[in-house]
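In what follows, a structure is listed as structure tokens, so that the remarks can point back to it.
No lab work stands behind these numbers, since they all come straight from the coordinates. Here the structure is a predicted model, which is why all the values come from computation and not from measurement. All Cβ positions, even for glycine, are placed from backbone atoms using ideal geometry, and neighbour counts span all protein chains on display.
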């Protein structure tokens, strides 16, 4: 038996992606990444996702991210380190020893860490 798709509460207000690009992989939910990460790393990942260009790269400084999220800098650093450790993001500093640079959202790893 064929199922009828649900009708949204406001069908005339269907979301359409704007010209800017941002996305999050549904496997974050299906593969239980949400529970594994916790709220603060997820907020950082969300910020990086909505700031990312078409290859997943963004250039936000740590201070800018902390201010945008109303998050203490030490919590932001801990969250970024967790995302790096789980290979959900990558970072390339502007120059050796610099804390800011290019952040990139990576494909969801297939192996469990």
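Largest GNM mean-square fluctuation across 70, 79, 58, computed for the chain with C-alpha springs under 10 Å, falls on 70. A straight line joining the Cα centroids of the range 28-58 and the range 74-100 runs 13 Å. Each helix, a run of at least 4 DSSP H residues, gives -39500 (n - 2.57); summed and divided by the residues of the chain, these come to -10500 deg cm²/dmol at 222 nm. By the compact-protein rule of thumb, 2.2 N^0.38 Å, the alpha-carbon radius of gyration of the range 38-113 corresponds to a ratio of 1.03. The slack in the chain from residue 13 to residue 94, taken as 0.36 nm per residue of separation less the alpha-carbon distance, amounts to 25.0 nm. The angle between the Cα long axis of helix 73-85 and the longest principal axis of the Cα atoms of the chain comes to about 70 degrees, rounded to the nearest 10. Taking label positions 7 Å along the Cα-Cβ direction at both residue 4 and residue 30, the computed distance is 2.7 nm, reported to one decimal.
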